[in-house]
Amino acid sequence: MRLRRAAWFAIGGIALVLGVLAGYAVLRPGAEPPKFNARDVTGVPWGKDFQLTDHAGNPRTLADFRGKVVMLFFGFTHCTDVCPATLAMLAQAMRLLGDDARQVQGLFVTVDPKRDTPDVLAKYVPAFQPTFLGLYGDEAATARAAQEFKIYHHAHEPDKRGSYDVEHSGQVYLLDPEGRLRLFFRSRDASPESVVHDLRLLIRGGTG
């Protein structure tokens, strides 16, 4: 019995030492911090703000979301591929975050305000994740927001039925709790797990 107890103490001591060494390896001066998966654009002179309205009719700027990490995506509700795929991936990331999801805000900015009315956005965007907000503006406000975040968008001429497509950039931006643009990625180059990794680094003040 004494030998067995001594063996367990020895195993516990080894585990403790290994844990201390692992912690030192992470925290020691010169140790590399965890890296972001997405492209780091910290410090760019654009992506500072927008003036839009959410699907509940509330005027919104980035200042409204200070204290949270923001996932910002531009698209339109008639999109059949990139937009729903991206929103679904971001929603899955939110589910994987668990309690940390309370510190993240998803924003979907429409580049098709003619068709994406508040009612349309209110049904479409929260269907992916209840806390996500749809944002819209008139043509001028939409153009300013798109220009500020380097988003290309172009609506094609309507067909005989009035239907038309809108070409647009597909990147997702991540802003830190101070409202600073930090990262961007495209959904085809990311996974819910890679997004969760970056979100948690930003939540904890990581620099990547």
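Throughout, read-outs are computed from the coordinates displayed, never taken from laboratory work. Values in this document were obtained by computation on a predicted structure and should not be read as measured data. Glycine gets a Cβ as well: all are built from the backbone with ideal geometry, and neighbour counts include every protein chain shown.
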*When the distances between all Cα atoms of region 107-208 are binned every 5 Å from zero, what whole-number percent does each bin get?*
2, 10, 17, 20, 22, 15, 8, 4, 2, 1, 0
*Whole number please: convex hull volume per residue of the Cα set in region 32-93, in Å³?*
151
*Place the peptides 114-126, 43-55 in order of packing, highest mean first, counting for every residue the other Cβ atoms within 10 Å and averaging per peptide.*
114-126, 43-55
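Run through every distinct alpha carbon pair of region 152-202 and return the Kirkwood hydrodynamic radius in angstroms, one decimal place.
Values: mean 1/r = 0.0747 Å⁻¹.
Mean inverse Cα-Cα distance, inverted, gives 13.4 Å.
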*asked:* From the gyration tensor of the Cα coordinates in region 39-203, what semi-axes in whole Å does the equivalent ellipsoid have, largest first, with each one equal to sqrt(5λ)?
replied: 24, 17, 15
